[in-house]
Amino acid sequence: MFHISVISASIGALIVSIIVSIGLCPQGTVALDCGKNASHNAYFGHRTDFDTMLYMHHLKVDYKWLRVVTADVNYPSPTDIKGIIRYIEILDQFTDGNGGCAYITKGGMNERAVSFHIKSQRSYGLDFIIRIYGRIV
């Protein structure tokens, strides 16, 4: 009887710790799973009528045979419009399931900077449109 209550308490504690750790993670720090859908688009935050486009970039990287291609994107650069980030969309232009995955590695919503790591599937390139919206400060 004692062993059953210890095991059930341990399982309950594990479930609670998983839920708490997921809830406390900043947005984007958990890896975005590309899944099995045809397009690997990623959306973060909420866009409102008062938000302005702060950044737009069409990222294209050619494929390398039997290799995974990666790229890192950082906002803002010295020439970019600076603001508080409210919404990010990363649109995969390969809609046939052969696109890559985008991950936020630093910064994000309600911050002034964000960094992405974008990774292709093996033997495919990258073709993404990245748009960042927010409030100019």
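Data for the structure
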item: Between the stretch 117-136 and the stretch 61-86, the alpha-carbon center distance in angstrom; result: 6
item: Highest to lowest packing among 96-104, 64-72, scored as the average C-beta count within 10 Å; result: 96-104, 64-72
item: Extension gain from residue 119 to residue 131, taking 0.36 nm per residue of separation minus the Cα-Cα distance; result: 2.6 nm
item: Point-to-point label distance, residue 61-residue 38, nm (Cα→Cβ direction, 7 Å offset); result: 2.5
item: Estimated distance in nm for a label pair at residue 84 and residue 106, the labels positioned 7 Å out from Cα along Cα-to-Cβ; result: 2.2
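All of the numbers you see were taken from the coordinates with simple rules; none came from a lab. Just so it is clear, the structure is predicted and the values come from calculations on it, not from any experiment. As a convention, Cβ positions derive from the backbone with ideal geometry for all residues, glycine included, and neighbour counts pool all protein chains shown.
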